[in-house]
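Written below as structure tokens is the structure these notes are about.
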Amino acid sequence: MRLLVVVALAALLAGQAIKVQAVEASVTAVPITSFKNSAIGQRVDKLIWRGGIAMSSPLDTFGGLSGLAPTGPNQRMVFVSDRGHFVSGQLAYDDVSTLMGFIGVTIEPMQNSKGQPLPRQYARDAESVETVFRDGVPVAVRVSFEHLTRVSDYALINGVPGGPAREVPLPEWLSALRTNESLESVCIAPPASPVAGSTVLITENALDKAGNHRGWMLGQGDTGPLSYVGSSGLVPTDCAFLPNGDLLVLERGVSFLTFSMTLRRVRAADVLPGGVLQGELLLAASGGQVDNMESLAVHTAPDGETRILIGSDDNFMDWQRNLLLEFALPE
């Protein structure tokens, strides 16, 4: 009889939802004041350097920051990590709008469609995140995953994502990919874009017959394949739209434990189903100036300037860093 009671209790507990809770995280930010020998406010390639930070935290769940998106006013942001966490907080600036820190940080496990924590690492490898707007208001975030390749939406409450996942239908060829080089980039076209509201997906290393990175566009009237022409020796790791509809694509390379990165700009008119995306080079860097650059976001700084944020994923390795670098386009 005792055995039957124990078995029944275990079955009852297994059927109950596991409560997912966010934890607060203290994040230390060390300012980065120069980039490629340029001081803050000076030109770097075709951009303007606005400063950056190197972030760290005593919590072992802080790290692996693979994607970044704005989630509300006053520079609220969320990272996604490759261990299946939302890392939410607010960018802090000084009185001249120079990035100084990441504050009010909480870390929360992502959930599956049943409201349970993602069950294993194979399902947790979040790589990119984008904000979903309705009537100009951020209402959700859209997250792409590798390994168990998929795209999921999560509701936003007061600028913090969470709750059960809502799966976004994908073409079979994309959802069938089961590697850590599958779906790296997700971004949603702004109102000024010819394909406004459509979602652009770009793979890291799923190539077409021409050797270009396969992609897909999801939209009510704009659905179909596209491809991205990458730089030699680099792969696309994230994308983000500028307010005018131009598409930014971040690329990353690694050789002998040395990282390199480029940022390219694709014209708005070229971003369409069936398109072959090839971008103008805006920025290139390598060596100690960068790390494993994987996240990209466009947002508005406190002074009203449109800024480009580029972040790195430390892979939870002691020898890598969580960098967040900020740039602006010249007038």
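The values are calculated or read from the model by the stated rules, or taken from the named source; none is laboratory data. Since the model is a prediction, treat every value here as computed from it, not as a measurement. With ideal geometry, Cβ positions are generated from the backbone for all residues, glycine too; neighbour counts draw on all protein chains shown.
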Candidate set from region 306-331 (those that are assigned to a loop (DSSP other than H, G, I, E, B) and polar (S, T, N, Q)); member that is surrounded by the fewest Cβ atoms within 10 Å (Cβ to Cβ): 315
Among the candidates 120, 76, residue that is among the basic types (Lys, Arg) and farther than 21 Å from residue 53 by Cα: 120
For residue 133, state whether it is at pLDDT 95 or above, more than 14 Å from the chain's Cα centre (by Cα), within 27 Å of residue 316 (Cβ to Cβ) and among the aromatic types (Phe, Trp, Tyr). no
Just name the residue that is nearest to residue 165 (Cα to Cα) out of those in region 83-97 that are in a loop (DSSP other than H, G, I, E, B) and within 16 Å of the chain's Cα centre (by Cα). 84
All conditions in (1) touching a Cys at 6+ places or on another chain (Cβ under 9 Å); (2) farther than 30 Å from residue 124 by Cβ are true of residue 296 except (2)
Of (1) touching an Asp or Glu at 6+ places or on another chain (Cβ under 8 Å); (2) surrounded by 23 or more Cβ atoms within 10 Å (Cβ to Cβ), residue 228 satisfies every one except (1)
Show the residue pairs that are 6+ apart or on different chains and have beta-carbon atoms under 8 Å apart, the first residue being within region 245-256 and more than 16 Å from residue 184 (Cα to Cα), the second being modelled with pLDDT under 95. 255/233
Just the residues that are more than 18 Å from residue 67 (Cα to Cα) and either among the β-branched types (Val, Ile, Thr) or not in a strand (DSSP E or B) (or both), please, taken from region 144-167. 157, 158
Tell me, yes or no, whether region 166-189 has at least one residue that is touching a residue at least 60 places away in the same chain (Cβ under 8 Å) and in contact with a Phe, Trp or Tyr (Cβ under 8 Å, 6 or more places away or on another chain). yes
Residue 138 touching a Ser or Thr at 6+ places or on another chain (Cβ under 6 Å) and modelled with pLDDT of 95 or more: yes
Within region 241-305, considering only strands (runs of 3 or more DSSP E) that don't extend past its boundaries, which have at least 1 residues that are of a type in the set (A, V, I, L, M, F, W, C) and touching a Gly at 6+ places or on another chain (Cβ under 9 Å)? 247-255, 258-266, 293-300
Selection within region 175-230 - of a type in the set (Gly, Ala, Ser) and outside any loop (DSSP other than H, G, I, E, B): 175, 185, 206, 215, 224, 227
Of all residues in region 227-250, which are within 18 Å of residue 275 (Cα to Cα) and among the polar types (S, T, N, Q)? 227, 231
Right, residue 244: farther than 24 Å from residue 301 by Cα and polar (S, T, N, Q) or not? no
Within region 31-82, work out how many residues are among the β-branched types (Val, Ile, Thr) and either assigned to a loop (DSSP other than H, G, I, E, B) or closer than 20 Å to residue 239 by Cβ (or both). 6
